[in-house]
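Asks: Take this structure first; my questions come after.
The values are calculated or read from the model by the stated rules, or taken from the named source; none is laboratory data. The structure presented is a predicted model; accordingly, all values stated were derived computationally and were not measured. Here Cβ is always computed from backbone atoms with ideal geometry, including for glycine, and neighbour counts include all displayed protein chains. Remember, those area values only see protein heavy atoms, side chains included, never the ligands or the DNA or RNA. Shrake-Rupley method; radii C 1.70, N 1.55, O 1.52, S 1.80 Å.
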Amino acid sequence: MRCIEPADPSEAWIYVSMGASASEGDAHEFALLSPFEFPRHVETVTMVAHWQAAGRNAHVGSVLALGWPWMEGSGADHLLITPLYAYPPEFGSFLDEGDQISIQWLVPIYANEAAYARRRGMGHLEERFERYDANMLDPRRGSVLGALEIS
């Protein structure tokens, strides 16, 4: 696990797993971006890396229930695993002893957004994020689905 402090205060803190790619299955690591330092993010990223190691398929498109808000003051208590869209493509993967390792972004989402992604697919939810210009790093951002309940 590594926490990368931004050089510029307007940029995100990056919490990234180290070693999740060593487990069997897809070779990837996980990154959680944050507007400021928050120690619980270490626990969150470590938990997702453990899910991957335990064979729980933490891959692009997966939705994971945290059981707690991703940050204080937020109602987002799920994570959507996506490619690392927040940075140019060359930051989304690296070579490790000849193996291509991708970095997956842990995007905080609300329970209704999680249900929407499970039912309609990650792409449909991402379209909503784009339509509403959702700031995925804002702990107080509202759901792009409003109060809509999805079962």
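Asks: Can you give the Rg/Rh ratio of segment 91-131, where Rg is from the C-alpha atoms and Rh is the Kirkwood radius?
Replies: My calculation of the ratio gives 1.17.
Asks: Rank these by accessible area, largest first, 1.4 Å probe: VAL16, VAL45.
Replies: So the residues, ranked largest to smallest area, are VAL16, VAL45.
Asks: If you fit an axis through the alpha-carbon atoms of helix 111-120 and take the longest principal axis of the Cα set of the chain, what angle between them do you get, 0 to 90°, nearest 10?
Replies: 80
Asks: Now, a different point. When the helix-only estimate is applied to the chain (DSSP H runs of n ≥ 4, each -39,500 (n - 2.57), divided by the residue count), what is the mean residue ellipticity at 222 nm, nearest 500 deg cm²/dmol?
Replies: Counting only the DSSP helices, I get -7000 deg cm²/dmol.
Asks: With all protein chains present, calculate the accessible area of SER10 using a 1.4 Å probe and round the result to the nearest 10 Å².
Replies: Counting only protein heavy atoms, the figure is 100 Å².
Asks: Sticking with this one: Amide H of PHE30 versus every other amide H placed in the peptide plane: which residues, excluding those fewer than 5 positions away on the same chain, fall under 5 Å?
Replies: SER17, GLN104
Asks: A further question on this structure: Give me the accessible area of ILE101, 1.4 Å probe, in Å² rounded to the nearest 10.
Replies: Spelled out: ILE101, probe radius 1.4 Å, area about 0 Å².
Asks: Based on Cα coordinates alone, diagonalise the gyration tensor for segment 1-90, multiply each eigenvalue by 5, take square roots, and list the semi-axes in whole Å, largest first.
Replies: Here the semi-axes work out to 21, 16, 12 Å.
Asks: Summarise the accessible area of the chain (1.4 Å probe, protein heavy atoms) by the percent that is carbon and sulfur.
Replies: That share works out to 51 percent.
Asks: Sort 33-40, 47-54 by the packing proxy (mean of other Cβ within 10 Å over each peptide's residues), most packed first.
Replies: 47-54, 33-40
Asks: Send over a whole-number figure in Å² for the accessible area per residue of the chain, probe 1.4 Å.
Replies: Accessible surface, normalised per residue, equals 55 Å².
Asks: Sticking with this one: Using only Cα atoms and rounding to the nearest 10 degrees, what angle (0 to 90) does helix 40-53 make with the longest principal axis of the chain?
Replies: 70
Asks: Taking all protein chains together and a probe of 1.4 Å, list TRP70, TRP13 from the most accessible to the least accessible.
Replies: Ranking TRP70, TRP13 by accessible area, largest first, yields TRP13, TRP70.
Asks: Along each of its three principal axes, how wide is the spread of alpha-carbon positions in segment 53-117, in whole angstrom units, largest first?
Replies: 40, 28, 22
Asks: Compute the long axis of helix 122-131 from its Cα atoms, compare it with the longest principal axis of the Cα atoms of the chain, and write down the angle in degrees, 0 to 90, nearest 10.
Replies: That helix lies at roughly 60 degrees to the long axis.
Asks: Could you give me the percent of Cα pairs per 5 Å distance bin for the chain, shortest bin first, beginning at zero and ending with the bin that holds the maximum distance?
Replies: Taking all Cα pairs of the chain, the binned fractions are 2, 10, 19, 24, 21, 15, 7, 2, 0, 0 percent.
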